[in-house]
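Asker: One structure, as structure tokens, below. Some questions next.
The values are calculated or read from the model by the stated rules, or taken from the named source; none is laboratory data. Small disclaimer: the values here were computed from a predicted structure and weren't measured. As a convention, Cβ positions derive from the backbone with ideal geometry for all residues, glycine included, and neighbour counts pool all protein chains shown.
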Amino acid sequence: MNSLINLKNLKRAEIISDIKKTAEDFQSLNFMEVCGTHTMQIYRAGIPSILPSNINLLSGPGCPVCVTPEEFIDKAIAYLKEGYEILTFGDLYRVPGTYGSLEKECSGKVKIIYSPSESLEYALNNPDKKFILLAVGFETTAPLFAAVVIDAKKKGIKNLFLLCALKLIPPVMRYLLDAGELKIDGFLLPGHVATIIGSEEFRKVCDDYKKPGVVSGFEPEDILQSIFILLMLLKHKSRFLETQYRMAVKKEGNILARREMEKVFQKTKAKWRGIGEIENSGLTLKEEFIEYDISYIHPLKIESQVFNPRCRCGEVLRGIISPVDCPLFDNGCSPQTPQGPCMVSSEGACAAIYKYGRE
Ligand code: SF4
């Protein structure tokens, strides 16, 4: 056991030394991770404190719950009041909408699920009830929701619907680069998203903007290696994308999962909380499956507003400020009293820094 730990430490020490040596060739660098799992790992492992001071890690819009807008929560609450039962992942339960969260407004009437497939059981076992499955996530979870819709259609289920806020990572990367609000020198890219869509989708973005990106795994050593590879890409300027997470990521991704996703969903304009509307950055149900789209079957008009105008999640999600720069951080906003989704979600940047500290 000891030798394993030593070996791991040695490996980590070597990578850190390589990073430090290579970083000497650069002035200040901003690397953005667009993945909540990376954000959590980075702070859990204390990575910012072991990097040279000219490498700044920024958390981008990679937490699906954090980018889900207020009106989505408001709609879910409104549907509950119309007699539907809501099925959702636990993270979304405490995220504030305009007036409050599902937890505050409708405690006890919402069912927490661990996998979208559980919704089929609920619907089949309770034919007298109507269920809405909150479809929130990125390309990693979209195939699971697609499989639910395909299965529901096959089984003739008529009492299960989706309220859809699924989002796509490459379009939001393009949006941030086009907006040019901050200098991004490279991206740490989500290995699990690339497992589904393939590294090729990320290569297109990195090549178009001549911006280095590394598809990274999730262990601290993976992230450190990816930071080193980013530095090498910047140094050599011969190409813009590299895959560190090679054991899981193929160029073309997971063909089966992509096929299911493309069968059920089409791209649409989507609203990202704190960021705005981005063309073709969301997924909505195709015509063929429209009977499972609650927004089509039972449209509701909702007047939504920002939950707390002093919450600066939008700037956190765009990498413009660090959570600790928000005046409410640990001063009215904490995991017990969250004022924004970045403090609620287990993948939110505010929650990560609150829990593990900035260093
Ligand atoms: Fe919003 Fe709280 Fe984060 Fe500030 S600390 S940005 S209020 S979630």
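Asker: Being among the aliphatic types (A, V, I, L, M) and either more than 22 Å from residue 185 (Cβ to Cβ) or in contact with a Lys or Arg (Cβ under 9 Å, 6 or more places away or on another chain) (or both), is that true of even one residue in region 31-44?
Answerer: Yes; the residues of region 31-44 include at least one that is among the aliphatic types (A, V, I, L, M) and either more than 22 Å from residue 185 (Cβ to Cβ) or in contact with a Lys or Arg (Cβ under 9 Å, 6 or more places away or on another chain) (or both).
Asker: What number of residues within region 91-116 are touching a helix residue (DSSP H, G or I) at 6+ places or on another chain (Cβ under 6 Å) and assigned to a loop (DSSP other than H, G, I, E, B)?
Answerer: Count: 6.
Asker: Additional query: State yes or no: is residue 225 surrounded by fewer than 21 Cβ atoms within 10 Å (Cβ to Cβ) and polar (S, T, N, Q)?
Answerer: So residue 225 does not fit the description; no.
Asker: Which members of region 320-355 meet the condition of being closer than 16 Å to residue 58 by Cβ, surrounded by 24 or more Cβ atoms within 10 Å (Cβ to Cβ) and within 6 Å of the ligand (Cβ to nearest atom)?
Answerer: Those that are closer than 16 Å to residue 58 by Cβ, surrounded by 24 or more Cβ atoms within 10 Å (Cβ to Cβ) and within 6 Å of the ligand (Cβ to nearest atom): 323, 342, 350.
Asker: Scan region 44-64 for residues that are crowded, with 19+ Cβ neighbours inside 10 Å and in contact with a strand residue (DSSP E or B) (Cβ under 9 Å, 6 or more places away or on another chain) and jot them down.
Answerer: 47, 51, 55, 57, 58, 59, 60, 61, 62, 64
Asker: Go through (1) of a type in the set (Ser, Thr, Tyr); (2) within 29 Å of residue 173 (Cβ to Cβ); (3) buried (at least 20 other Cβ atoms within 10 Å of the Cβ) and name the single condition residue 292 misses.
Answerer: (2)
Asker: Taking the stated definitions as given, is residue 207 without any contact (Cβ under 8 Å) to a residue 24 or more places away in the chain and in a helix (DSSP H, G or I)?
Answerer: no
Asker: Could you say whether any residue in region 282-305 is within 16 Å of the ligand (Cβ to nearest atom) and not acidic (Asp, Glu)?
Answerer: Yes, region 282-305 contains at least one residue that is within 16 Å of the ligand (Cβ to nearest atom) and not acidic (Asp, Glu).
Asker: So, in region 75-90, how many residues would count as being out of contact with any helix residue (DSSP H, G or I) (no Cβ under 6 Å at 6 or more places or on another chain), of a type in the set (A, V, I, L, M, F, W, C) and not in a helix (DSSP H, G or I)?
Answerer: Within region 75-90, residues that are out of contact with any helix residue (DSSP H, G or I) (no Cβ under 6 Å at 6 or more places or on another chain), of a type in the set (A, V, I, L, M, F, W, C) and not in a helix (DSSP H, G or I) number 1.
Each row is one residue, and each column tells you yes or no for (1) among the aliphatic types (A, V, I, L, M); (2) part of a helix (DSSP H, G or I); (3) surrounded by 18 or more Cβ atoms within 10 Å (Cβ to Cβ).
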| site | (1), (2), (3) |
| --- | --- |
| 214 | yes, no, yes |
| 246 | no, no, no |
| 249 | yes, no, yes |
| 253 | no, no, yes |
| 278 | yes, no, yes |
| 296 | no, yes, no |
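Asker: Something else about it: Could you list, in sequence order, all residues of region 16-30 that are surrounded by fewer than 16 Cβ atoms within 10 Å (Cβ to Cβ) and closer than 22 Å to residue 190 by Cβ?
Answerer: Matches in region 16-30: 30 only.
Asker: Of the residues in region 78-103, how many are at pLDDT below 95, β-branched (Val, Ile, Thr) and over 17 Å from residue 275 (Cβ atoms)?
Answerer: 1
Asker: Separate question: Search region 160-188 for residues that are under 28 Å from residue 75 (Cα atoms) and touching a residue at least 60 places away in the same chain (Cβ under 8 Å) and pair each with any residue that is among the β-branched types (Val, Ile, Thr) and surrounded by fewer than 19 Cβ atoms within 10 Å (Cβ to Cβ) when their beta-carbon atoms are under 7 Å apart and the residues are at least 6 apart or on different chains.
Answerer: 161/297
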